[in-house]
Amino acid sequence: MATPAHCAYCFEILAAELEDREPLEYRQVLDLWAQYEDLKRSKPAETEEDNEDEQDAKLQDGDDLEVDSEMEGSEEADEDDDGEDDEPREELAQPVPSKLSLPSISRLQASSPASASSAPSTPSSLSTNSSNAALESASKSSSKTSFFSFGSRRSQQPSPAAPPKEEEHPLFVTWNTVSSRSGNKSLRGCIGTFEAQKLGVGLKMNAMTAAFDDHRFSPISVSELPTLSSSVTLLTNFTPASHALDWTLGTHGIRISFSHDRKRYNATYLPDVAVEQGWSKEETIVSLMKKAGWRGRSGEWRDVKGLGVVRYEGMKASLGWADWRGWRSWAERLKS
């Protein structure tokens with residue numbers, strides 16, 4: 001499964017390069033992201049529990065007031081009859097609202113990376129404002145056991161379990177700039193490989209290459225970071241097409257290869273490209289052939305001999321700068 005955590009790792013690699021610092025390791029990013037997501041999911045549950053406790057406390061307060069009123073009336077009647085004062089009453093115990101305690105963040109290991117793969121996912125939306133209190137609390141309670149803390153205490157901890165085996169996938173990393181006014185995306189770089197790679201290695205290499213070495217664009221600068229979004233597409237289910245149009249818009253990406261005038265050409269479009277551009281299958285093929293370097297007329301594409309098409313599917317995830325920055329700020333607070 002391509003996940004926002006994979007995109008977060010791409011952001012971590014790019015930001016670290018532009019900010020001249022050491023990046024977090026792949027395994028660290030995945031584990032930190034998982035715990036960050038768990039904390040954010042636990043926050044609504046905690047808030048609901050607190051609201052229920054508060055409501056119970058208010059109801060109990062109302063009951064206590066009624067009991068006090070009845071007891072005061074009884075005392076006055078006794079005084080009228082006997083002229084004696086009653087013993088002072090014990091105050092009724094007020095219920096104290098209970099609060100869920102956030103789980104401690106266990107020490108994250110910086111050993112060999114691991115990942116998983118699944119169906120496409122949509123961009124993750126994380127509200128950093130709604131969870132600051134919970135995240136601050138978790139940060140304070142876990143700073144001594146986070147991956148940032150490697151000191152004399154480490155030898156006292158139990159030996160960690162071996163991380164799961166890292167998966168390998170063909171993959172592409174895409175950088176887009178996002179308009180602050182319209183929200184429209186513009187391609188800023190996209191590079192990938194059709195050879196299966198371990199995700200920690202493949203994501204790092206292609207995130208850097210897409211940012212700095214896509215010949216269609218100038219290298220990404222540090223000032224552009226707040227405008228970026230990152231997408232990761234893991235490729236799967238490669239199948240040779242029976243003809244050039246034997247694939248489905250919105251489902252398949254296509255990779256073409258052909259020879260013309262003693263030159264060899266090849267190029268690819270990921271599954272979402274044709275739909276985003278509003279192209280038909282034929283328009284997609286022509287555009288892809290021209291992307292590969294073919295200079296023929298659009299109506300002549302069928303005359304090209306030996307045009308081979310391989311269709312494939314992609315599992316995509318995306319993440320915006322604001323969501324990554326919210327996670328990274330939380331991770332930084334673990335140091336304190």
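Miscellaneous remarks
- Yes/no for S186 being in a strand (DSSP E or B), buried (at least 16 other Cβ atoms within 10 Å of the Cβ) and among the hydroxyl-bearing types (S, T, Y): no
- Options K198, K165: the member that is under 20 Å from the mean Cα position of the chain (by Cα) and charged (D, E, K, R): K198
- Single residue of region 1-22 satisfying the filter (in contact (Cβ under 8 Å) with a residue 24 or more places away in the chain and outside any helix (DSSP H, G or I)) that is surrounded by the most Cβ atoms within 10 Å (Cβ to Cβ): A2
- Residues in region 206-238 that are β-branched (V, I, T), touching a Pro at 6+ places or on another chain (Cβ under 9 Å) and surrounded by fewer than 24 Cβ atoms within 10 Å (Cβ to Cβ): T236 alone.
- Taken over region 269-327, the criterion of being among the acidic types (D, E) and touching a residue at least 24 places away in the same chain (Cβ under 8 Å) is satisfied by D272, E282, E313, D323.
- Residue in region 298-321 that is under 20 Å from A2 (Cα atoms) and polar (S, T, N, Q) present: yes
- Counted residues, region 183-197 - those being without any contact (Cβ under 8 Å) to a residue 12 or more places away in the chain and touching a strand residue (DSSP E or B) at 6+ places or on another chain (Cβ under 9 Å): 2
- Any hit, region 257-277, residues being touching a Ser or Thr at 6+ places or on another chain (Cβ under 8 Å), farther than 22 Å from W175 by Cβ and β-branched (V, I, T): no
- As for region 294-315, it holds no residue that is in a helix (DSSP H, G or I) and in contact with a strand residue (DSSP E or B) (Cβ under 6 Å, 6 or more places away or on another chain).
- Scanning region 23-43 for residues that are open to solvent by 70 Å² or more (accessible area, probe 1.4 Å) and among the basic types (K, R) yields a count of 1.
- Selection status of E300, acidic (D, E) and either in contact with a Lys or Arg (Cβ under 8 Å, 6 or more places away or on another chain) or surrounded by 13 or more Cβ atoms within 10 Å (Cβ to Cβ) (or both): no
- Within region 239-251, being within 32 Å of the chain's Cα centre (by Cα) and open to solvent by 40 Å² or more (accessible area, probe 1.4 Å) holds for T239, T248, L249, G250, T251.
- Given (1) surrounded by fewer than 20 Cβ atoms within 10 Å (Cβ to Cβ); (2) within 30 Å of K198 (Cα to Cα); (3) modelled with pLDDT of 95 or more, index of the condition I254 fails: (1)
- So V273, is it among the hydrophobic types (A, V, I, L, M, F, W, C), more than 24 Å from the chain's Cα centre (by Cα) and either surrounded by 14 or more Cβ atoms within 10 Å (Cβ to Cβ) or under 19 Å from A2 (Cα atoms) (or both): no
The values are calculated or read from the model by the stated rules, or taken from the named source; none is laboratory data. Remember, predicted model here, so these are calculated numbers, not experimental data. Note that each Cβ is placed from the backbone with ideal geometry, even for glycine, and that neighbours are counted across all protein chains shown. Areas reflect the complete protein model, heavy atoms only, side chains present, ligands, DNA and RNA absent. Shrake-Rupley method; radii C 1.70, N 1.55, O 1.52, S 1.80 Å.
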